[in-house]
Amino acid sequence: MTDAPPTDRARILTGDTPTGKLHLGHWVGSVKRRVELQRTHDCFFILANIHAFTTRADKPEAIREDTLEIVRDLLAMGIDPEGASIFLQSEVPAIAELTFLFAMLLPYNRVMRNPTLKDEIKVKNLGETYSFGFPLYAVGQTADILAFRPVGVPVGEDQVAHLELTREVARRFNQMYCGVHDKAEDDDHVAEGGVFPIPRADVGKVGRLVGTDGENKMSKSLNNAVYISDTAKQVQKKINKIFTGRQSATEPGDPNNILMQYCEIFIPDADRVAELKDLYARGADIGDGHIKQELGAAINELLEPMRERRAKYEGDDAYVIDVLKSGTARANALTEETLAMAKEACGLGFFKRSLELD
Ligand code: ATP
Ligand code: MG
């Protein structure tokens, strides 16, 4: 693994929280796009292991294990660790330092109004008991992103609200400390002397894949996910459990229900999908069971090469840690530079420092 410094290509930052393994929602919402972007951009993929403590502080071993599993999932899905940098949030101190600075630029009520936070509090049953650190993660995420001064962030729809917060912080910082005009266009911030570009959300074609419960977003915390690492049998079993409420093969079905949505997303032959939808809507003797078989086979065809690649990294923690270490070294080289620029801008640039990984 090389510690090659980043090039001057445009940068991308995105990533995952180790609250479980990666699933089909990650593939369609973000990772598929990452695989394309790694060819043309300098890509940084964060493992937000500190943020995982916001909901799992009592499970440090599970967080550690999921961190390694997600690296395996990313490699399985086609991320190339020589070209893209997969790194550990916990070993990039500039992120924590920027979080503190950015927390001063956001009104408390603005953070709490974030619809994604509200939604998470509800669906994860956090009630009134969530920690102070839980809403802080929304601020932390602005630092995760801006530390890399990226042009874009490939994410699912749920992250758009977080990205809006990030864009606000970047504008405020540039205006407050770098002399960027209040009315400057987003694209002009850097040319006007701002430290931070105003990054764009790059939402995948399927911004929100619904889980097999047919209700919530497919999520690693909600027990409604088909995992990249599931066996073919497990995949088929989960697909078979999808509930449509349809009683028989001759009952007209809703061509936009969860089962049909999955067909549209995962069966690559568009003509076949159109045909299935037509038969389904007419109740033309096509049972849910048959459709589920066809869908399960299509998903397994997508996952099979990923499973094969993943098998190479199973049980090899040393290699996975090596991938993380070189990615983290590259992330530190860049984020230390950003932090120094930010400190200089707000009067904190007293002397230089350097960081090393052992
Ligand atoms: P958690 O339940 O812990 O929040 P998660 O399944 O939402 O886990 P994250 O690590 O929060 O996963 O998300 C990583 C990235 O994958 C984000 O860009 C997010 O928008 C995207 N993503 C996650 N789930 C889906 C989904 N069901 N559909 C589309 N994109 C998704
Ligand atoms: Mg999430």
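The values are calculated or read from the model by the stated rules, or taken from the named source; none is laboratory data. Here the structure is a predicted model, which means the values were calculated and not measured. Here the Cβ is made from the backbone with ideal geometry for all residues, glycine too, and neighbour counts use every protein chain on show. These accessible areas exclude ligands, DNA and RNA; they are computed on the full protein's heavy atoms, side chains included. Shrake-Rupley method; radii C 1.70, N 1.55, O 1.52, S 1.80 Å.
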**OP:** Could you work out how far the C-alpha centroid of the range 171-204 sits from that of the range 325-358, in angstrom?
**Re:** 20
Original post:
Across every pair of different alpha-carbon atoms, what Kirkwood hydrodynamic radius in Å does the range 232-311 reach?
Top reply: 13.0
Subject >> Per residue, the convex hull volume that the Cα atoms of the range 140-193 enclose (Å³) >> reply: 85
**OP:** Would you calculate the volume per residue, in Å³, of the smallest convex hull containing every Cα atom of the chain?
**Re:** 152
Subject >> Taking only Cα atoms of the range 109-204, radius of gyration then Dmax in Å >> reply: 14.6, 45
**OP:** Mind checking which of Gly349, Ala143, Asn224 is farthest towards the positive end of the chain's charge dipole, using Cβ charges of +1 (Lys, Arg) and -1 (Asp, Glu) about the Cα centre?
**Re:** Asn224
Subject >> For the chain, built as a Gaussian network whose Cα springs stay under 10 Å, the top-fluctuating residue of Gln261, Gln247, Gln38 >> reply: Gln247
Original post:
Carbon and sulfur atoms: what percent of the 1.4 Å accessible area of the chain do they account for?
Top reply: 52
Original post:
Where in the chain are the DSSP H helices whose C-alpha atoms run 20 Å or more along the long axis and whose mean Kyte hydropathy is at least 0.0?
Top reply: 60-77, 317-345
**OP:** About the Cα centre of the range 232-311, how large is the charge dipole given +1 on each Lys and Arg Cβ and -1 on each Asp and Glu Cβ? Please answer in debye to the nearest 20.
**Re:** 540
**OP:** Take the alpha carbon atoms of the range 1-122, find their radius of gyration, then divide it by 2.2 N^0.38 Å using N residues; give the quotient.
**Re:** 1.15
Subject >> Gaussian network model of the chain, springs between alpha carbon atoms under 10 Å - residue of Asp42, Asp271, Asp316 with greatest fluctuation >> reply: Asp271
**OP:** Based on alpha-carbon positions alone, could you give the equivalent ellipsoid semi-axes of the range 158-271 from the gyration tensor, as √(5λ), descending, whole Å?
**Re:** 45, 15, 12
**OP:** Provide the solvent-accessible area of Glu294, counting protein heavy atoms only and rolling a 1.4 Å probe, rounded to the nearest 10 Å².
**Re:** 50
Original post:
What range in the chain is the longest one free of trypsin sites (Lys or Arg not before Pro) that are in a loop by DSSP and have at most 13 other Cβ atoms within 10 angstrom?
Top reply: 40-112
Subject >> Solvent-accessible area per residue for the chain (1.4 angstrom probe, square angstrom) >> reply: 48
Original post:
Where the centroid of each part is defined by its Cα atoms, how far is the range 33-66 from the range 130-160 in Å?
Top reply: 12
Original post:
Based on Cβ point charges of +1 for Lys and Arg and -1 for Asp and Glu, what charge dipole magnitude is obtained for the chain about its Cα centre, in debye rounded to the nearest 20?
Top reply: 520
Original post:
Between Lys122 and Glu356, what length in nm is gained on full extension when 0.36 nm per residue of separation is reduced by their alpha carbon distance?
Top reply: 80.1 nm
Subject >> Under 16 Å from the Cα of Lys118 - lysines, other chains or at least 8 residues apart >> reply: Lys217
Original post:
For the chain, what relative contact order do you get, as a whole percent, if you take Cα pairs closer than 8 Å and at least 6 residues apart?
Top reply: 24
Subject >> Local net charge near Glu294, Cβ-Cβ under 13 Å (Lys/Arg +1, Asp/Glu -1) >> reply: -2
